[in-house]
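Coordinate-derived values only; no laboratory data. Everything numeric here is computed off the predicted structure, so don't read it as measured data. Cβ coordinates were reconstructed from backbone atoms using ideal geometry, including for glycine residues, and neighbour counts include every protein chain displayed.
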Amino acid sequence: MASVPARVGATSAYEFLRQVEAAFHQYWGGQYEVVATFFGQPRPREELIAWLELQCYKEIKAVPQMARRLVELYDELDDTVERSRYEAEAYELADEVQHYRVLADVLELLTGQRRPARDFRPTAEQSKLEALRREGKTLGELGEALVGFAPGGGVAAFGAGMRIAGGPIERQLAKACQVIYEQELHHYRESRLIFDGLVRRSDPAVFEPLLPYARALAREHFLLRNAAFSFPLATERIAEIDAGHVEPFVPPL
Ligand SMILES: [Fe+2]
């Protein structure tokens, strides 16, 4: 069982990394449990539709911005912008488009209706998480790299999703989750390398103020996941997870 100490004393890069990992692994365990619990019993079709609608929004929302960035970077390609970086950003854009496509396919199968991509909207919980992520980007390079930890939550949630079984919809959904799981794992490993490298190069004085933010971010993402699936975990279970009574989820390396 992972637990996050109430009092922090991050004095070294190792200790900082250990505490950040503990908080994220704890709440990623919570995210895994949300998805496993949701699919563990029959649920109203509307709940699955509501999750898919939000997830479609999450996958497609950054694509126009990423596309504009690729156009901008083109002007600097093989000048100040490395072609390997350009390639990586182009693949990342394609990944998000694919995540959107596989989930929108399932949604369309469920509802029999095609929806324009721009119709998908964030929920209140999603907007709250986005605001918290924006805050992280104001906390320096390390804060930004902490926000980059987010794919770990996707690894946990879609790792649970790819194990669902049932009829044609469930089978297609499990396959979609597997596609997303594998790519999120790849993004997670990359963002971990960036984060670990930055931690090694940072002044330890910046570590302690970032720990409350890391915990808040990990928790908010977990709460969003629970809300997105129409609250399969009750308030009492959330309190237990807050207290560390949960199987931590550690993305495979
Ligand atoms: Fe995605």
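Quick look at the values:
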quantity: Cα lying deepest toward the dipole's positive end in segment 13-242, options S202, Q26, C177, charges on Cβ; calculated: C177
quantity: Tensor-based shape of the chain (alpha-carbon gyration tensor, a/c under 1.5 rounded, otherwise prolate or oblate); calculated: oblate
quantity: Structure-based [θ]222 nm, the chain - -39500 (n - 2.57) summed over DSSP H runs of at least 4, per residue, nearest 500; calculated: -24000 deg cm²/dmol
quantity: Charge dipole (the chain, unit charges on Cβ, about Cα centre) - positive-most of L223, I49, F158; calculated: I49
quantity: For E82, net neighbour charge (Lys/Arg +1, Asp/Glu -1) across residues whose Cβ lies under 13 Å away; calculated: -3
quantity: Whole-Å distance, taken between Cα centres, linking segment 30-76 and segment 191-218; calculated: 26 Å
quantity: Positive minus negative residues near L93 (Lys, Arg vs Asp, Glu; Cβ under 12 Å); calculated: -4
quantity: For segment 106-240: rounded, prolate or oblate by the Cα gyration tensor [a/c cutoff 1.5]; calculated: prolate
quantity: Under 13 Å, Cβ to Cβ, from G30 - net charge with Lys/Arg +1 and Asp/Glu -1; calculated: -1
quantity: Anisotropy class of segment 4-136 from Cα gyration tensor, a/c 1.5 cut; calculated: oblate
quantity: The chain, relative contact order [Cα under 8 Å, separation at least 6], %; calculated: 42 percent
